[in-house]
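Scroll down for the structure; my scribbles are underneath it.
The values are calculated or read from the model by the stated rules, or taken from the named source; none is laboratory data. Since we're looking at a predicted model, the values are computed, not measured. Accessible surface is based on the protein model in full, side chains and every heavy atom, while ligands, DNA and RNA are left aside. Shrake-Rupley method; radii C 1.70, N 1.55, O 1.52, S 1.80 Å.
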Amino acid sequence: ANNFAMKGKRKTLNAGDVLSAMEEMEFQRFMVPLKESLEVYRREQKGKKEARKDKDKKADSEEQEKSREEDNEDEDERMEEEEPNEEEEVDN
């Protein structure tokens, strides 16, 4: 597998390198179960990745909503502070 990676000018082995090496070494009886396991693993990882993205999007939207609520509260407080000042000016 290392030789296949080196031929591809890579230092990191990938699944294809391992499968090619196993085929070259005549381990065909392990190829089908290994490929099936690899597909299951990839689907699981893809599902986890999508779930994480959905969770991050949900957290971001909730965070933005909280920020908007806080901004609205700050604005309301400023408006309340300004109103008494206007009344005092009218009285003077």
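Computed values, structure above
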quantity	calculated
In Å², nearest 10: area of Arg52 left accessible to a 1.4 Å probe	130
Accessible area (Å², 1.4 Å probe, nearest 10) - Glu24	130
Backbone HN-Hα couplings from phi across the stretch 18-35 [Karplus 6.51/-1.76/1.60, Hz, Gly and Pro as x]	5, 5, 5, 5, 5, 5, 5, 8, 6, 9, 4, 5, 8, 5, 4, x, 5, 5
Ratio of Rg to Rh over the stretch 1-53 (Cα coordinates, Kirkwood Rh, two decimals)	1.10
